[in-house]
Amino acid sequence: MVAFPVVDSHIHLIDPSRLAYRWLQNNSVLRRRHALLEYGQAQAGRAVAAIVAVEADADDADKEILYLLEQAENDSRIGAIVAHLPLEQGERLEETMASRATTGRVKGLRRLLQDEPAPGFCLQPGFIEGVRLAGRFDLTVDLCIRQHQLQDLIKLVDACPKTRFVLDHIAKPAIRDGALEPWRREFRDLAARPNIVCKLSGVATEADPIHWTPEQLRPYIDHAWESFGASRLLFGSDWPVCLMAVDWIAWVEILEAALAAFSDNEKRAFWGRNAIAAYKMDATLLETDEGDSLKTTMPG
């Protein structure tokens, strides 16, 4: 069991009775309610101090943000919401972005990129404008990509030095194929940029969902740790999407084993502090967190 307060930096709240999700139509695992009650059951009694609720690609993004804000009102553990916005609309998003920022709960934005054509989608002028605008509103930009988009992502991060970025799912490497390159090299290059942190999440689902082993995941976990370090890596479960390959408890246990040799201070940062810092959440969510400080190297 994790000995430190846990912040889950990446969960999705899905409720087909409230919202429509076209992408779930043929998904027998996910096309049912996965809300806070079910999330609590998935932890089997393990406490989570805070949660980052990430948009789940609902058909109506405006309805989804209202749903997420409603959930946050009813559960104080939701310390941050990452909302969908079509960032390619650039400066036209100013009014909407201002509205999101003033809720106090929306701390970040995400525009799914993983299925967009590469190269170039995230480098179009409008997209860069939208990302820079997010920085002006002090909102993070979550980046969900596949490994072949890493070179574009490096250019985007370089073009927006005043925006804080969060990389989801270690850029979805081709674990099923056992390929480490070019992901390993490009991932390290991205990590050299100071204005980005990374979620250690969504890893098992990039392997064979039935026949994967913890040993197959370990080189990718280790490289993420080596590249971003203890101060810029965040725990994330990617629940309930993780259920396509692994349950919440098993993923936590895999990470506990991978981090066994690290110091308590490093573990404390990974399991909770880094997410609090990255999303500028209320630090009192970790009020039971004691011990030496580990500075999170994320620009203010």
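The values are calculated or read from the model by the stated rules, or taken from the named source; none is laboratory data. Note that the structure is predicted; figures quoted are calculated from it, not measured. Note that each Cβ is placed from the backbone with ideal geometry, even for glycine, and that neighbours are counted across all protein chains shown.
Restrict the check to the stretch 156-175 and report whether at least one residue is out of contact with any Pro (no Cβ under 7 Å at 6 or more places or on another chain), surrounded by fewer than 18 Cβ atoms within 10 Å (Cβ to Cβ), in contact (Cβ under 8 Å) with a residue 12 or more places away in the chain and on the phi > 0 side of the Ramachandran plot. Give the derivation first.
Kept after step one, since they are out of contact with any Pro (no Cβ under 7 Å at 6 or more places or on another chain), are these residues of the stretch 156-175: 156-163, 165-175.
Subsequent filtering for residues that are surrounded by fewer than 18 Cβ atoms within 10 Å (Cβ to Cβ) retains 158-159, 161-162, 174.
Now narrow it down to the ones that are in contact (Cβ under 8 Å) with a residue 12 or more places away in the chain: 158-159, 161-162, 174.
Narrowing further to those that are on the phi > 0 side of the Ramachandran plot: none.
No, the stretch 156-175 contains no residue that is out of contact with any Pro (no Cβ under 7 Å at 6 or more places or on another chain), surrounded by fewer than 18 Cβ atoms within 10 Å (Cβ to Cβ), in contact (Cβ under 8 Å) with a residue 12 or more places away in the chain and on the phi > 0 side of the Ramachandran plot.
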Single match in G104, G90 (criterion: more than 30 Å from D208 (Cα to Cα), modelled with pLDDT under 95 and surrounded by fewer than 21 Cβ atoms within 10 Å (Cβ to Cβ)): G104
Candidates T288, T284, T297 - the one that is out of contact with any helix residue (DSSP H, G or I) (no Cβ under 8 Å at 6 or more places or on another chain), part of a helix (DSSP H, G or I) and modelled with pLDDT under 95: T284
Matching residues in the stretch 191-221 - criterion: being touching a Lys or Arg at 6+ places or on another chain (Cβ under 7 Å) and either surrounded by fewer than 19 Cβ atoms within 10 Å (Cβ to Cβ) or over 19 Å from D168 (Cα atoms) (or both): N195, D208
The stretch 181-190, subset touching a residue at least 12 places away in the same chain (Cβ under 8 Å) and assigned to a helix (DSSP H, G or I), residue surrounded by the most Cβ atoms within 10 Å (Cβ to Cβ): F187
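Taking A98 as the residue in question, decide whether it is modelled with pLDDT under 95 and either of a type outside the set (S, T, Y) or more than 22 Å from N195 (Cα to Cα) (or both).
Details: modelled with pLDDT under 95: no; either of a type outside the set (S, T, Y) or more than 22 Å from N195 (Cα to Cα) (or both): yes.
Criteria not met by A98.
Check whether at least one residue in the stretch 45-59 is among the β-branched types (V, I, T), in contact with a strand residue (DSSP E or B) (Cβ under 7 Å, 6 or more places away or on another chain) and modelled with pLDDT under 95, and report yes or no.
Keep residues of the stretch 45-59 that are among the β-branched types (V, I, T), which gives 48, 51-52, 54.
Checking the rest, the ones that are also in contact with a strand residue (DSSP E or B) (Cβ under 7 Å, 6 or more places away or on another chain) come to 48, 51-52, 54.
If we keep only those that are modelled with pLDDT under 95 too, we end up with 48.
Yes, the stretch 45-59 has at least one match.
Could you please let me know if D57 is under 21 Å from E253 (Cα atoms), among the charged types (D, E, K, R), touching a helix residue (DSSP H, G or I) at 6+ places or on another chain (Cβ under 9 Å) and touching a residue at least 24 places away in the same chain (Cβ under 8 Å)?
Details: under 21 Å from E253 (Cα atoms): no; among the charged types (D, E, K, R): yes; touching a helix residue (DSSP H, G or I) at 6+ places or on another chain (Cβ under 9 Å): yes; touching a residue at least 24 places away in the same chain (Cβ under 8 Å): yes.
Against the criterion (under 21 Å from E253 (Cα atoms), among the charged types (D, E, K, R), touching a helix residue (DSSP H, G or I) at 6+ places or on another chain (Cβ under 9 Å) and touching a residue at least 24 places away in the same chain (Cβ under 8 Å)), D57 does not qualify.
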Residue match in the stretch 35-58 (condition: in a helix (DSSP H, G or I), loosely packed, with under 13 Cβ neighbours inside 10 Å and more than 20 Å from the chain's Cα centre (by Cα)): yes
Number of positions in the stretch 225-272 that are surrounded by fewer than 23 Cβ atoms within 10 Å (Cβ to Cβ), of a type in the set (D, E) and touching a residue at least 40 places away in the same chain (Cβ under 8 Å): 3
Scope the stretch 191-229; condition hydroxyl-bearing (S, T, Y), over 22 Å from I11 (Cα atoms) and in a helix (DSSP H, G or I); matching residues: S227
Top-ranked residue in the stretch 190-207 [being of a type in the set (A, V, I, L, M) and out of contact with any strand residue (DSSP E or B) (no Cβ under 8 Å at 6 or more places or on another chain); ranked as farthest from Y279 (Cα to Cα)]: A207
Residue check for T205: of a type in the set (V, I, T), modelled with pLDDT of 95 or more and farther than 18 Å from D238 by Cα: no
Any hit, the stretch 78-99, residues being out of contact with any Lys or Arg (no Cβ under 7 Å at 6 or more places or on another chain) and in a loop (DSSP other than H, G, I, E, B): no
Residues within the stretch 114-146 that are more than 17 Å from R193 (Cβ to Cβ) and in a helix (DSSP H, G or I), tallied: 8
Residues within the stretch 115-137 that are in contact with a Lys or Arg (Cβ under 9 Å, 6 or more places away or on another chain), surrounded by fewer than 16 Cβ atoms within 10 Å (Cβ to Cβ) and modelled with pLDDT of 95 or more, tallied: 3
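Could you grab me the full set of residues in the stretch 234-262 that are part of a loop (DSSP other than H, G, I, E, B) and more than 15 Å from E38 (Cβ to Cβ)?
If the condition is that a residue be part of a loop (DSSP other than H, G, I, E, B) and more than 15 Å from E38 (Cβ to Cβ), then G236, A245, V246, L259, A260, A261, F262 are the ones that fit.
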